[in-house]
Amino acid sequence: MSDASTRTTPGTSDWRALCKVRKAAQNASIPEEWKISVPPDTSADVRSVTEDCGLLSPRELDIIDLGTKDVSALVRLLADKHSGYTSVEVTTAYLKSAIIAHQVTNCLTEIFVERALDRAREVDRYMVERGEPMGPLHGLPISLKDQFTMRGLETIMGYACNIGKFAENDCVLVEILYELGAVPFVRTNVPQTLMWGETHNNVFGRTVNPYNRKLTPGGSSGGEGALLAMRGSPLGVGTDIDGSLRIPSAFCGLYTLRPSYERLPYHGAANTLMGQESISSVLGPMATSISALKLFTKAIIDSGPWDHDPLAIRKTWNEDEYRLVEHGYGKGMCFAILWDNKVVRPHPPLIRAMNMVKEALEKEGHQVIDWEPLNHIDIYKNAQTILVADGGEEYRMSCEASGEPLITSMSPDEDPHPFDLEVSLVKSLVGPPRNRTAWELWQLHTEKRALRKAYLDHWNATTTRTNTGRLVDAIISPAVAYTACPHGLNYDSFYTTLGNAMDYACAVFPVTFVDPKLDLPVDPHDFHNHEDEAFYKLYHPDVFPGVPVGLQLLGRTLEEEAVIGMVELVDAAVKKHASDRV
């Protein structure tokens, strides 16, 4: 088996031909012996295909199972020269699993089997020759969103114009991952422009949710979401400027961390809206196991990323913060729940999940109060206006470079869902696209600072409402007002934008699954706006049975260590008391 070359592009400017050749090259990069019989479209839930297809051996399935449950345990075995586990063996298992996942969800962009195995062999030789691991991520296969440039590979990033453009250097994150002993092994699909909460582009097509292929895995890190939900990677890296880590993690039953601006190194990665630095895109881990959050974040920070990326904040890993020393050592804390942000009211499964968390935390001796939203619609309008301040010029230029059309709807051409918003709330708030002047942009930045100060004061004022004498330790809310929804219908990022605009360290964690018997529709209410009404009408439990229900935990700026510690605490409480509920 060998990697198929993608270096030949047709001698034509026809974007359709470019995309067709590139997609064919991707398919050719899959070893023939790893191609499976794909279930028919009528098979909605395809997660069992990994076991059922017969490609993986029992030993390889055990490896995948371990990485799914606890990636730190897998890393410990890889770092133990007496364990009998090698990086080549583990990487092979995950390459097979990732390629299975791709064949049923279309989640990958770059597939480089021999390159990944060569790297795994290098790591194994290091262990044999030196008798010690290369680093804290020794031998671990890691998947990367199709933004993290790798020397010699294209970074398509959802645009046909990037076909045939090969990176001359690795981005800083990839450089550090190599230093830490990791094995980058696949890259994952994104939407055109990166600025969609769904994953679809003209080059590689649409990525679907393995829990139900009629539903979206979210975006823009949706390829990572689908891959991880299929257990095709033990740990992935995505990015987030408006919810792009948290939305797919909530839709696909995953854990993720959205760190504050510049805490982790972004330099050299491809991106959209380059130069827009008021709301920075950030990178973070995504995984099926909660141990991945600390494992990845600590390893990257301990590497001293500020010596590689001039924007990376010089803040070393703080174990006291992780141990929640400033949060009462994790005892008798006070959490606040944002039941409704007064923009879009959450669907019944989200309300049930928040009640589950509330009851579990109270049984563990913590106080839980209601969070009062402040200026949420103003925060959202300000952030979204900043993100489109160029009037869409970059999107147009990127599309014009190849002649491909700008995708203006994520709804499928065939069998579209009957519900669709003609005008989303964000469009009515921001108004028609136009290029803002520098002065206008500065006013938006000034407004954003004022909104951040008001929210800081609002949070600080909670000391009068807590039993701890401290302010609220963290806010728990939906990441999205609904669970994974039909393709083309994911408009809501109101709950995630709060974290990006206020620059809060945030995490998402899975809580439960939609149960049609428990998550009954509620009676109509006074709607906040036309989009709130539209999403109310969207909900029917039969559309969403069995899909994950995840929630968001928001800490304060640069509180990554504490947020990881708190989400571990909340996750443990929910699991401990899960059997207490019917």
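One table, with the values for the structure above:
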{"item": "Residue in the stretch 422-441 that is without any contact (Cβ under 8 Å) to a residue 40 or more places away in the chain, touching a Leu at 6+ places or on another chain (Cβ under 8 Å) and not β-branched (Val, Ile, Thr) present", "result": "no"}
{"item": "One residue from 321, 224, 326 being surrounded by 23 or more Cβ atoms within 10 Å (Cβ to Cβ), touching a residue at least 60 places away in the same chain (Cβ under 8 Å), outside any loop (DSSP other than H, G, I, E, B) and acidic (Asp, Glu)", "result": "224"}
{"item": "Options 63, 99: the member that is under 20 Å from the mean Cα position of the chain (by Cα) and at pLDDT 95 or above", "result": "99"}
{"item": "Qualifying positions in the stretch 329-354 - free of Cβ contacts under 8 Å to residues at least 60 places away in the same chain and among the basic types (Lys, Arg)", "result": "331"}
{"item": "Test: residue 210 is out of contact with any strand residue (DSSP E or B) (no Cβ under 9 Å at 6 or more places or on another chain), under 28 Å from residue 512 (Cβ atoms), touching a residue at least 40 places away in the same chain (Cβ under 8 Å) and not hydrophobic (A, V, I, L, M, F, W, C)", "result": "yes"}
{"item": "Output for the stretch 280-318, where each listed residue is without any contact (Cβ under 8 Å) to a residue 24 or more places away in the chain and outside any helix (DSSP H, G or I)", "result": "304, 314, 316"}
{"item": "Among residues of the stretch 369-379, those that are within 27 Å of the chain's Cα centre (by Cα), surrounded by fewer than 18 Cβ atoms within 10 Å (Cβ to Cβ) and of a type in the set (Val, Ile, Thr), counted", "result": "1"}
{"item": "Members of the stretch 367-405 found to be out of contact with any strand residue (DSSP E or B) (no Cβ under 6 Å at 6 or more places or on another chain) and assigned to a loop (DSSP other than H, G, I, E, B), listed by number", "result": "372, 373, 374, 375, 388, 389, 392, 401, 402, 403, 404, 405"}
{"item": "Residue within the stretch 89-102 that is farther than 16 Å from residue 181 by Cβ and assigned to a loop (DSSP other than H, G, I, E, B) present", "result": "no"}
{"item": "Breaking point among (1) farther than 28 Å from residue 156 by Cα; (2) modelled with pLDDT under 95; (3) exposed (fewer than 15 other Cβ atoms within 10 Å of the Cβ), for residue 417", "result": "(3)"}
{"item": "Which listed residue, of 400, 404, is surrounded by 13 or more Cβ atoms within 10 Å (Cβ to Cβ), under 27 Å from residue 490 (Cβ atoms) and not assigned by TED's automatic domain parsing to the domain that holds residue 208", "result": "404"}
{"item": "Options 221, 280, 244; residue that is small (Gly, Ala, Ser), over 27 Å from residue 63 (Cβ atoms) and within 11 Å of the chain's Cα centre (by Cα)", "result": "244"}
{"item": "Which listed residue, of 563, 549, is hydrophobic (A, V, I, L, M, F, W, C), in contact (Cβ under 8 Å) with a residue 60 or more places away in the chain, surrounded by 20 or more Cβ atoms within 10 Å (Cβ to Cβ) and assigned to a helix (DSSP H, G or I)", "result": "563"}
{"item": "Residue ID - surrounded by the most Cβ atoms within 10 Å (Cβ to Cβ), chosen from residues in the stretch 474-491 that are within 21 Å of residue 340 (Cβ to Cβ) and not aliphatic (A, V, I, L, M)", "result": "478"}
{"item": "Residue match in the stretch 171-188 (condition: touching a residue at least 12 places away in the same chain (Cβ under 8 Å), outside any strand (DSSP E or B) and polar (S, T, N, Q))", "result": "no"}
{"item": "Exclusive hit being over 26 Å from residue 152 (Cα atoms), out of contact with any Leu (no Cβ under 6 Å at 6 or more places or on another chain) and surrounded by 24 or more Cβ atoms within 10 Å (Cβ to Cβ), set 213, 246", "result": "246"}
{"item": "Options 13, 48; residue that is at pLDDT 95 or above and either more than 27 Å from residue 406 (Cα to Cα) or not charged (D, E, K, R) (or both)", "result": "48"}
{"item": "Some residue of the stretch 513-532 being under 24 Å from the mean Cα position of the chain (by Cα), farther than 18 Å from residue 484 by Cα and touching a residue at least 12 places away in the same chain (Cβ under 8 Å)", "result": "no"}
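The values are calculated or read from the model by the stated rules, or taken from the named source; none is laboratory data. These numbers come from a predicted model, not from an experiment. A quick note on method: Cβ atoms are made from the backbone with ideal geometry, for glycine too, and the neighbour counts reach across all protein chains shown.
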